[in-house]
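> I'd like to ask some things about the structure below.
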Amino acid sequence: MTLGEQLKKLRAEKSLSQPELAELAGIEQSYLSKLENDKSLPSNEVFRKLLSAFSLTAEQLIEPLEKSYIKKNLLVIADIEQLYQQASVKQLKQQRNLLYIASSLIVFAVTLFYLGYSKQVFNENLYEYRSYGVVLAGEPSDIFQNWHALINIKDRNEKDEIMRQQKVVMAQRSDILVKLIPENKGYYFEMPVEGGSRLFQRSKHDMPLQQPRAINAWLQVLGVLLMISGIMGFVLERRLFKLPR
């Protein structure tokens with residue numbers, strides 16, 4: 001649609017004849033006829049008079065016109081040139097914001113996917129530690145493994161008897177507790193408990209146990225979805241701002 005066609009359309013919508021609109025705008029009918037037939041372009045002053053006659057803003061009047069037509073033909077009108085520059089700045093800002101959002105989504109997506117894939121935040125490794133019982137105050141922490149080393153008696157018969165008795169005692173005190181924890185605490189660690197403490201020794205596994213956690217899978221899925229959203233943002237930017245309209 002051209003400016004002349006838009007003027008003719010607006011005049012018809014208000015049920016005005018050319019003489020009536022010309023009088024309302026304070027211009028000659030012959031001049032209005034040239035404007036409606038695209039044989040002339042209005043000056044900025046006449047353009048404002050037409051806006052006043054139609055009770056429209058410049059933006060409302062030129063809204064149906066194609067941008068390529070406005071850029072090629074109407075920028076000689078000062079108000080339209082100013083409006084076009086403002087619209088260009090606004091469009092550039094919108095375009096930049098869309099690119100920032102799309103880029104941020106992709107960065108966030110890569111981060112989430114990496115966190116889910118590497119399992120660094122939500123660790124899936126479990127280390128098995130085993131305690132054989134409660135160590136009483138004053139006893140060495142490895143009493144359940146090396147209690148026999150504490151029996152220092154030279155008489156063989158007496159030593160064997162005490163060994164049998166102590167073996168029964170230690171068997172009765174035995175209370176095996178296994179802990180699976182996501183942190184590698186080394187070969188052993190102690191934990192205070194009621195009545196004494198427990199010595200936890202790491203089980204002899206070459207590799208830690210694995211316990212899959214759903215949140216790591218969800219982080220990867222969310223990362224993929226955000227990556228797609230970011231890529232679609234770039235595609236949308238090209239369609240909205242790069243293709244001719």
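The values are calculated or read from the model by the stated rules, or taken from the named source; none is laboratory data. Just so we're clear, the structure is a prediction, and the values are computed from it rather than from any experiment. When we count neighbours, we look across all protein chains shown, and the Cβ atoms used for this are built from the backbone with ideal geometry, even at glycine. Side chains included, ligands, DNA and RNA excluded: accessible areas come from the protein's heavy atoms. Shrake-Rupley method; radii C 1.70, N 1.55, O 1.52, S 1.80 Å.
> Out of region 115-202, which GluC sites (Glu not before Pro) are coil in DSSP terms and have no more than 12 other C-beta atoms within 10 Å?
Qualifying residues, ordered by number: Glu183, Glu194.
> Further question: Using only helices, what value at 222 nm comes out for the chain when you add -39,500 (n - 2.57) per DSSP H run of length 4 or more and divide by the total residues, to the nearest 500 deg cm²/dmol? Don't jump to the answer; show the numbers that get you there.
Details: 9 runs with 130 residues, N = 245.
Rounded to the nearest 500, the figure is -17000 deg cm²/dmol.
> Where the only charges are on Cβ atoms (+1 Lys, Arg; -1 Asp, Glu), what is the dipole of region 158-245 about its Cα centre, to the nearest 20 debye?
Around 760 debye, computed over region 158-245.
> Quick one: pull the percent of accessible area on the chain belonging to carbon and sulfur, 1.4 Å probe, ligands and nucleic acids left out.
55
> Which is the longest stretch in the chain that no exposed loop site breaks, taking sites as chymotrypsin sites (Phe, Trp or Tyr not before Pro) with a DSSP loop state and at most 16 other Cβ atoms within 10 Å? Don't skip to the end; give the middle numbers.
On the way: sites that count: Phe122, Tyr187.
Looking at the chain, 1-121 is the longest stretch - no exposed chymotrypsin sites (Phe, Trp or Tyr not before Pro) with at most 16 other Cβ atoms within 10 Å.
> To continue, here is another question. Please go through region 131-177 and write out the trypsin sites (Lys or Arg not before Pro) that DSSP classes as loop and that have at most 16 other C-beta atoms within 10 Å.
Numbers: sites: Lys154, Arg156, Lys159, Arg164, Lys167, Arg173; in loops: Lys154.
Answer in residue order: Lys154.
> How many nm separate the modelled label positions at Tyr117 and Gln166, each set 7 Å beyond the Cα in the direction of the Cβ?
Each label point is offset 7 Å from its Cα along the Cβ direction, giving 5.7 nm.
> Tell me the trypsin sites (Lys or Arg not before Pro) within region 14-74 that lie in a loop according to DSSP and have at most 15 other beta-carbon atoms within 10 Å.
Sites meeting the loop and neighbour criteria: Lys14, Lys39.
> Would you list the P(r) distribution for region 1-150, with all Cα-Cα distances sorted into 5 Å bins from 0 and each bin expressed as a whole %?
Percent of pairs per bin, in order: 2, 7, 12, 12, 8, 6, 4, 4, 4, 4, 4, 4, 3, 3, 3, 2, 2, 3, 3, 3, 3, 2, 2, 1, 0.
> Could you pull out the pairs from Lys93/Lys119; Lys72/Lys93; Lys49/Lys71 whose alpha carbons sit more than 29 Å apart here?
Details: Lys93/Lys119 38 Å; Lys72/Lys93 23 Å; Lys49/Lys71 22 Å.
Those over the limit are Lys93/Lys119.
> Right, something else. Between Ser203 and Ala12, with labels modelled 7 Å along Cα→Cβ, what's the label distance in nm to one decimal, could you check?
Here the modelled spin labels are 8.6 nm apart.
> Might you tell me the accessible area per residue for the chain, computed with a 1.4 Å probe and given in Å²?
On the way: 16410 Å² over 245 residues.
Per residue, the chain has 67 Å² of solvent-accessible surface.
> Which FRET efficiency value, to the nearest 0.05, is calculated for Tyr31 and Ile101 with the Förster distance at 45 angstrom and r the Cβ-Cβ distance?
Step by step, r from the Cβ atoms, then E = 0.40.
> Compute the separation of the alpha-carbon centres of region 112-155 and region 25-72 and state it in Å as a whole number.
If we compute the Cα centre of each part, the gap is 88 Å.
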